[in-house]
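Reviewing the structure listed below.
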Amino acid sequence: MPPPLLEWPGIRTVLLDMDGTLLDRHFDDHFFLHTVPEAYAKVHGLSQHHARQEVLAAYHRVEGTLAWYDLDHWSRTLALDIPALKREVAHLISPRPHALEFMDLVKRSGRRACLVTNAHPRSLALKLERTPIGRHLDAILTSHQVGHAKEDRRFWEAARRLLGFDPGDSLLADDSEPILVTAAAWGIGHLLHIAHPSSALPPVFSQRFVSVADFRPVLPIPF
């Protein structure tokens with residue numbers, strides 16, 4: 001029998017990303033790549049092609065920073081009501097396969113489950129309203145509370161202080177390799193890459209981290 005992918009006996013706290021890990025990233029991809037450019041074209045009287053070019057260039061300028069995740073920043077920058085646009089396509093918000101089962105088993109095993117997300121508070125509120133993930137969580141921390149995105153080690157320093165976890169016996173599950181790299185360098189002891197964050201795209205497995213298409217291969221065991 002092959003060894004387990006995760007060393008559950010050494011894991012006490014489970015840190016969970018939201019978009020692309022617990023929730024299908026198809027919603028966010030569709031919103032930012034289709035809904036926003038289409039609305040931008042309509043409001044500013046541009047062709048779809050020109051609007052898409054301008055919007056993607058604006059994204060690229062702040063990618064990986066806190067501004068990239070800030071809905072208020074995009075409302076100001078693009079002159080659009082971004083939260084209202086999100087509600088228009090909120091029917092696309094859904095949990096990823098087996099994510100709720102995973103969260104339920106984490107809770108039943110006695111471990112803490114904490115959401116650590118770059119999502120803007122308004123986006124987080126919408127997703128907690130539309131899905132049951134909140135009932136499985138012990139704590140929620142956003143990068144906007146901290147003032148740094150998860151790509152920045154200062155997020156993790158603040159997270160340890162605010163959530164009170166030991167990095168060495170904590171697991172981080174995330175679909176972003178750059179975030180996992182930062183977390184690993186900072187000292188998170190257990191790392192899990194989600195290879196299939198969007199149902200609309202094929203999985204892309206990491207060569208650096210334990211990488212799974214869904215949570216079935218790593219369902220937790222009790223203490």
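The values are calculated or read from the model by the stated rules, or taken from the named source; none is laboratory data. Quantities reported herein were computed from a predicted structural model and do not represent experimental measurements. Cβ sites come from the backbone with ideal geometry, for glycine too, and all protein chains shown count toward neighbours.
Look at region 58-68 and say how many of its residues are among the small types (Gly, Ala, Ser) and either touching a Lys or Arg at 6+ places or on another chain (Cβ under 6 Å) or over 12 Å from Phe32 (Cα atoms) (or both). Walk me through how you get there before you give the answer.
Within region 58-68, the first condition is being among the small types (Gly, Ala, Ser), and the residues that meet it are 58, 64, 67.
From what is left, the residues that are either touching a Lys or Arg at 6+ places or on another chain (Cβ under 6 Å) or over 12 Å from Phe32 (Cα atoms) (or both) are 64, 67.
Total meeting the criteria: 2.
I need the full set of residues from region 81-117 which are under 29 Å from Glu38 (Cβ atoms), buried (at least 22 other Cβ atoms within 10 Å of the Cβ) and touching a strand residue (DSSP E or B) at 6+ places or on another chain (Cβ under 7 Å), in order please.
Arg96, Thr117
Quick check on my filter: what residues within region 8-20 are part of a loop (DSSP other than H, G, I, E, B) and either at pLDDT below 95 or surrounded by 24 or more Cβ atoms within 10 Å (Cβ to Cβ) (or both)?
Asp17, Met18
Check region 57-66 and report whether any residue there is in contact with a helix residue (DSSP H, G or I) (Cβ under 9 Å, 6 or more places away or on another chain), of a type outside the set (A, V, I, L, M, F, W, C), over 20 Å from Ser176 (Cβ atoms) and surrounded by fewer than 16 Cβ atoms within 10 Å (Cβ to Cβ).
Looking only at region 57-66, we keep the residues that are in contact with a helix residue (DSSP H, G or I) (Cβ under 9 Å, 6 or more places away or on another chain), and these are 58-59, 61-62, 64, 66.
Okay, now just the ones that are also of a type outside the set (A, V, I, L, M, F, W, C), so 59, 61, 64.
Still in the list and also over 20 Å from Ser176 (Cβ atoms): none.
Within region 57-66, none of the residues are in contact with a helix residue (DSSP H, G or I) (Cβ under 9 Å, 6 or more places away or on another chain), of a type outside the set (A, V, I, L, M, F, W, C), over 20 Å from Ser176 (Cβ atoms) and surrounded by fewer than 16 Cβ atoms within 10 Å (Cβ to Cβ).
If we keep just the residues of region 21-33 that are outside any loop (DSSP other than H, G, I, E, B) and touching a helix residue (DSSP H, G or I) at 6+ places or on another chain (Cβ under 9 Å), which is surrounded by the most Cβ atoms within 10 Å (Cβ to Cβ)?
Only one residue tops the list, namely Phe27.
Taking helices (runs of 4 or more DSSP H) that do not extend beyond region 94-198, which have at least 3 residues that are without any contact (Cβ under 8 Å) to a residue 40 or more places away in the chain?
Values: elements: 99-108, 121-130, 143-146, 153-163, 177-186.
Here the list reads 99-108, 121-130, 153-163, 177-186.
What about Ile179, is it within 18 Å of Met103 (Cβ to Cβ), buried (at least 20 other Cβ atoms within 10 Å of the Cβ) and among the hydrophobic types (A, V, I, L, M, F, W, C)?
So Ile179 fails the test.
Could you say whether any residue in region 43-52 is within 24 Å of the chain's Cα centre (by Cα) and of a type in the set (Val, Ile, Thr)?
No.
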